[in-house]
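Undergrad: First, the structure itself, so that you have it in front of you.
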Amino acid sequence: MKHAMPQLPYTMEALAPLMSQETLEYHYGKHLQTYVDNLNKLIAGTPFEDMSLEDIICKADGGIFNNAAQTWNHTFFFETLTAQPQDIPASVADKLAKDFGSVEAFRQEFTQKATTLFGSGWVWLAEDAGKKLCILSELNAGNPLTRGMKPILTIDVWEHAYYIDYRNRRAAYIEAFWKLIDWTKVAARF
């Protein structure tokens, strides 16, 4: 199976000024393209060649895992963004309140973990086998799938995700991220 670049559900300039066209040209167009290309090269002629990204993530390690997970993580991240600001649907707000005490408590914990994750990685809202939500900080290409959990929402906190627009101001990038979430897509993941 040859893995391909996902199509963005918006134009490259649609998320500006919160996420610029230049950021998407590099983050989506160059970084994600490199992960996809590297993955296709690494899996050629291996048992991973005909596997889905999810299967590769759960079974591989090293470079194959890193490139498969980064392909999946970035695709999931980009598909979660929208140029149309949205309110959190009541079903999502109720679930967040049930598991975190309130929507604001969830947002504060998620923001804190995204702000303080040292180095590069991802912060995830995930659902465990018992349908309980948790927030995971994952270094590098980490993904909740490797823990048997269902990803619901993520933010990329690798510097390449925000450096063009925000330089070293990760907190400003995280604040902008909250305004770009497609909550309809998030709701559909439960």
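Undergrad: Against the condition exposed (fewer than 15 other Cβ atoms within 10 Å of the Cβ) and out of contact with any helix residue (DSSP H, G or I) (no Cβ under 9 Å at 6 or more places or on another chain), how does K59 come out, does it pass?
TA: Criteria not met by K59.
Undergrad: Picking from E49, E54, which residue would you name as being touching a residue at least 12 places away in the same chain (Cβ under 8 Å), charged (D, E, K, R), within 25 Å of L153 (Cβ to Cβ) and open to solvent by 40 Å² or more (accessible area, probe 1.4 Å)?
TA: The match here is E54.
Undergrad: Another question, if that's okay. Applying the selection to the range 158-178, what residues are farther than 12 Å from F110 by Cα and β-branched (V, I, T)?
TA: Selection gives I164 alone.
Undergrad: Quick check on this structure: which one of T80, T71 is touching a strand residue (DSSP E or B) at 6+ places or on another chain (Cβ under 7 Å), buried (at least 19 other Cβ atoms within 10 Å of the Cβ) and either closer than 19 Å to Y162 by Cα or of a type in the set (D, E) (or both)?
TA: On inspection, the qualifying residue turns out to be T80.
Undergrad: Hey, another quick one. Which residue, of M19, M12, is free of Cβ contacts under 8 Å to residues at least 24 places away in the same chain, surrounded by 14 or more Cβ atoms within 10 Å (Cβ to Cβ) and under 18 Å from the mean Cα position of the chain (by Cα)?
TA: Going through M19, M12 in turn, just one is free of Cβ contacts under 8 Å to residues at least 24 places away in the same chain, surrounded by 14 or more Cβ atoms within 10 Å (Cβ to Cβ) and under 18 Å from the mean Cα position of the chain (by Cα): M12.
Undergrad: Which residues, taken from the range 22-62, are more than 19 Å from the chain's Cα centre (by Cα), among the aliphatic types (A, V, I, L, M) and either in a helix (DSSP H, G or I) or under 25 Å from L8 (Cβ atoms) (or both)?
TA: L42, I43, M51
Undergrad: Scan the range 59-78 for residues that are more than 20 Å from K2 (Cβ to Cβ) and either in contact (Cβ under 8 Å) with a residue 24 or more places away in the chain or among the β-branched types (V, I, T) (or both) and jot them down.
TA: F77
Undergrad: Just one of the numbered conditions (1) touching a residue at least 60 places away in the same chain (Cβ under 8 Å); (2) open to solvent by 60 Å² or more (accessible area, probe 1.4 Å); (3) more than 21 Å from H27 (Cβ to Cβ) is not true of K95; which one?
TA: (2)
Undergrad: For the subset of the range 22-46 comprising residues that are open to solvent by 70 Å² or more (accessible area, probe 1.4 Å) and among the acidic types (D, E), which member is farthest from G148 (Cα to Cα)?
TA: E22
Undergrad: State whether one or more residues within the range 114-131 are aromatic (F, W, Y), under 20 Å from V157 (Cβ atoms) and open to solvent by 50 Å² or more (accessible area, probe 1.4 Å).
TA: For the range 114-131, residues aromatic (F, W, Y), under 20 Å from V157 (Cβ atoms) and open to solvent by 50 Å² or more (accessible area, probe 1.4 Å): present.
The values are calculated or read from the model by the stated rules, or taken from the named source; none is laboratory data. This structure is a prediction, so every number in the text was calculated from the model and none was measured. Neighbour counts are summed over all protein chains in view; Cβ atoms, including those assigned to glycine, are modelled from backbone coordinates with ideal geometry. Ligands, DNA and RNA are stripped out before the accessible areas are found, and what is left, the full protein with its side chains, is counted by its heavy atoms. Shrake-Rupley method; radii C 1.70, N 1.55, O 1.52, S 1.80 Å.
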